[in-house]
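Beneath this line is the structure, given in structure tokens, with notes to follow.
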Amino acid sequence: MIETFRNAWKVPELRKKLLFTFFIIIIYRVGGTVPVPYLNAAALSSWFETNNSGNFFNYLNVLSGGNFAKATVMALSVGPYINAQIIIQLLTYALPPLERLSKEGPEGRKKLEKITKYTALGIALFQGWAYYTTMAKAGAVLYVGSNFERYFAEVIIILCFTAGASLTIWLGDQINEKGIGNGISMLLFAGIIARGPTAVIGLLQLMFDGIKTGTAKNIILVPVILAVFIVMIGFIIFMNNAERRIPIQYAKRVVGRKQYGGQNTFIPVKIAMSGVLPIIFAMAFMSIPSTLEMFIKPKAGSFYSKFLDWFSYDHPFYACLYFLLIIGFNYFYVSMQYNPVEIANNLRQNNGGVPGIRPGKPTSDYLKKILSKITLVGAVFLGVIAIFPIIFSAITKMNIAMGGTSILIVVSVALETARTMESQMMMRHHPGFLK
């Protein structure tokens, strides 16, 4: 990857794109330091420290790269756009008009992108209002006390959050047009990476404190955590590149005096084809009970209180249900991406087929069987990455600042960006035409 970056830096056009991408990321990070008016940062920080375990706000804080806990202009960050993408993608398979747009080529995709952005704007307004309501209950909103100033503060805070989300989408579009990689993914990557140094410094400080006090647990566990992260990164890279190649053979056909077909190829099916989306789905679902607890305080010892205890981040039931939801959402997402019946029909229409399998229904059944096995492997991989920090924290009693989901996002975006740079360098280097 480092070699790819060096080679890309030598190409003037790619160097300009890389510099432009870095410039946009700097603007995004600077926006993450701009405070929102009428907010008490100290009260908000204190509230977030006591309510930062397994709820929806923790999920939003991961997506915003820590900006959500600081309540800056970029607090909502890429969250509304990612949620809008998920909603529109699901509705594409449920609503015929959206399905037709998705099949109309570039023009249809442009219209879907506009619908996604308008949906993201609506989600940003709602999330901004919900965030304001939560901060008002936590005593983090500052105003003199008159109704006019209270309403004015509410409008200003919500508009600031919405403007930050809109600016994030615009910055992502600029990277898509003039930079390298997927814009929204790059901003999400930058936000998570920005939290990395703080996490590493915290671990090193913990180890040095253990050396001073003679605490053997901290001295041993910190190097173990760093080693585990390195192994996890290698495992994620291996699974990201892993794929199942289904062999395809096309029959020969003669048209006039020319012969077509007869070649052997394959259909690559990635094991981790759904990426981090099943984890995001499951995380959002699992955060609902603990988020409701912040608005509706149950009585101690009541059924609702005991029920919510099962959904606490450190409860075994939480980890088991989280793991099962990731598997279920992974199957759901893969079923939307791959249609074995459609693939089998396309192969038959193009005189192709899987060697040893008859065209039509036998081919679709064979593809379903292969996809089911691959999906299970990918789902278990995502589940292990997601619940590993929970298990590790339960065993060591140490809270890991950067969990498996963050590492998965960072590694996936880095690999995809490296592939993009390699493909653009290949487009600009044609030795066969020059020699």
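The values are calculated or read from the model by the stated rules, or taken from the named source; none is laboratory data. Note that this is a predicted model, so its numbers are computed, not measured. Because the Cβ atoms are built from the backbone with ideal geometry, glycine has one as well, and the counts that use them run over all protein chains shown.
Assorted remarks:
- Residue in segment 24-34 that is without any contact (Cβ under 8 Å) to a residue 40 or more places away in the chain and surrounded by 13 or more Cβ atoms within 10 Å (Cβ to Cβ) present: no
- Test result for ALA319, farther than 30 Å from GLU99 by Cβ and either modelled with pLDDT of 80 or more or within 22 Å of the chain's Cα centre (by Cα) (or both): yes
- Scanning segment 312-344 for residues that are of a type in the set (S, T, N, Q) and surrounded by fewer than 19 Cβ atoms within 10 Å (Cβ to Cβ) yields SER312, SER335, GLN337, ASN339.
- Within segment 140-166, tally of residues that are of a type in the set (Gly, Ala, Ser), more than 11 Å from TYR38 (Cα to Cα) and modelled with pLDDT under 90: 2
- The listed residue being of a type in the set (Val, Ile, Thr), surrounded by 20 or more Cβ atoms within 10 Å (Cβ to Cβ), part of a helix (DSSP H, G or I) and touching a residue at least 12 places away in the same chain (Cβ under 8 Å), out of ILE193, ILE156, ILE219, ILE236: ILE236
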